[in-house]
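One structure is given below, encoded as structure tokens.
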Amino acid sequence: MYTINRFSQLCKMSARMLRHYDKEELLKPAHVEATNGYRYYEKSQLETALLIKRLKEYRFSLPEIRTILQTSDRELLTEWMHSKILELSSEMNRNRQIIAEMQEMIEIKVNLIQGERRSFDISLGMRNEKEVLSQRLQINIADMDKYVDSLYEQAEKSNIKLLGVPSVIFLDEAFTPDQSDIELMIPILHKNDGDASRKWQIKKLPPTLVATTLYIGSYDYIGYAHMALEEWIDGGGYKKDGPPYETYLKGPECDCPEEEFVTQICFPVIKKSQAIDA
């Protein structure tokens, strides 16, 4: 048997890392002295240690590695490898996009420190009463398009005629991309009597005064439009009267660059004087 220090030399892992793998149940020592807690490893465990190193280089997470070590199904391992290849390929494409964007910023001499804050045209108007197909969800925000497509499919199956593009209300107090609490809504023109579903509902939105603006570009910088609206509302003697919502007039479904995405942002508002009177 080998002491943990000697085994760390053989597999080129630190003793600290080996202790962590023991805790994560990836590579447990073959023997632990009861009196002093010294860890000892067998010759056969070197293969496992080197496999863990290789899988980490392949960007597998520790829970994924644990699952791989526990299976003898080669077909399943091949599926995981293909899945990881797709994930890494997507990441490479994203990195190429980032590099191209950085090069463009250098070429056009964008102020990288201060950035660029654009101006927004803000209007105030009454949103008419309308019926919408609504679904409350807790999702990874990256999967939004999948749920929008699903709601369109459900509407078609239920013979509900849609009128317009999707909107989303973000209900979280803070940004939680992995588990966002949202309400997805699509205006409808016609519904069948008796339509019901545990997944979605048809609801009527009352007439509401809204402050609104259009934002053109990547969703990464949409926060500037929200800030402009909030500043306008506060400075104009109004008060927010509910969570804001975004309506996606042009997005990924148009197969266009992110710079051409068009989003309408609306804040329900009331006059501050009305809020005091109420």
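Where a number appears in this text, it was derived from the coordinates with a stated rule and is not lab data. Given the structure is predicted, the values throughout are model-derived calculations rather than measurements. As a convention, Cβ positions derive from the backbone with ideal geometry for all residues, glycine included, and neighbour counts pool all protein chains shown.
Here is how the numbers come out for the structure above:
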{"quantity": "Vicinal HN-Hα couplings computed from phi for the range 145-153 (Karplus, 6.51 cos²θ - 1.76 cosθ + 1.60; Hz; Gly/Pro x)", "calculated": "4, 4, 6, 4, 4, 5, 5, 4, 5"}
{"quantity": "Expected 222 nm ellipticity per residue - DSSP helices of 4 or more, -39500 (n - 2.57), all of the chain, to 500", "calculated": "-12000 deg cm²/dmol"}
{"quantity": "Reachable lysines from Lys43, criterion Cα separation under 19 angstrom, eight or more residues apart if same chain", "calculated": "Lys12, Lys28, Lys53"}
{"quantity": "Pairwise label distance in nanometres, Leu189 with Lys146, each label 7 Å out on the Cα-Cβ vector", "calculated": "3.1 nm"}
{"quantity": "Options [x] 256; [y] 149; [z] 128 - which one matches volume of the Cα convex hull per residue in Å³ as calculated here", "calculated": "[x]"}
{"quantity": "Dimensionless Rg over Rh [the range 1-67; C-alpha; Kirkwood]", "calculated": "0.96"}
{"quantity": "Cβ-based net charge around Glu91, under 13 Å, with every Lys or Arg adding one and every Asp or Glu removing one", "calculated": "+3"}
{"quantity": "Interchain or long-range residues, amide H under 5 Å from Lys130's placed H", "calculated": "Leu205"}
{"quantity": "Span from the the range 229-273 Cα centroid across to the the range 207-222 one, whole angstrom", "calculated": "3 Å"}
{"quantity": "Lys, Arg +1 and Asp, Glu -1 on Cβ, resulting dipole of the range 1-90 about Cα centre, debye, nearest 20", "calculated": "440 debye"}
{"quantity": "Length added when fully stretched, Asp22-Asp181, from 0.36 nm per residue minus Cα-Cα", "calculated": "53.6 nm"}
{"quantity": "Residues listed by number, the range 222-257, amide nitrogen under 11 Å from Ala100 label point at 7 Å toward C-beta", "calculated": "257"}
{"quantity": "In the range 195-278, the GluC sites (Glu not before Pro) that fall in loop regions by DSSP, at most 13 other Cβ within 10 Å", "calculated": "none"}
{"quantity": "The range 29-142: projected area of the alpha-carbon convex hull, averaged over directions, in nm²", "calculated": "17.5 nm²"}
{"quantity": "Distribution of pairwise C-alpha distances over the range 224-278, 10 Å bins, in %", "calculated": "22, 39, 23, 12, 3"}
{"quantity": "Pairs beyond 32 Å (Cα-Cα), from Lys130/Lys271; Lys84/Lys161; Lys204/Lys271; Lys204/Lys240", "calculated": "Lys84/Lys161"}
{"quantity": "Gain on full stretching of the segment that runs from Asp234 to Glu42 - 0.36 nm per residue minus C-alpha separation", "calculated": "62.2 nm"}
{"quantity": "Computed E for Ser123/Leu69 - FRET, C-beta separation, R0 41 angstrom, nearest 0.05", "calculated": "0.10"}
{"quantity": "Paramagnetic label zone (point 7 Å from Cα along Cα-to-C-beta, Thr3; backbone N under 15 Å) in the range 34-58", "calculated": "36-41"}
{"quantity": "Whole-angstrom Cα spans of the range 128-253 along principal axes, big to small", "calculated": "46, 32, 25"}
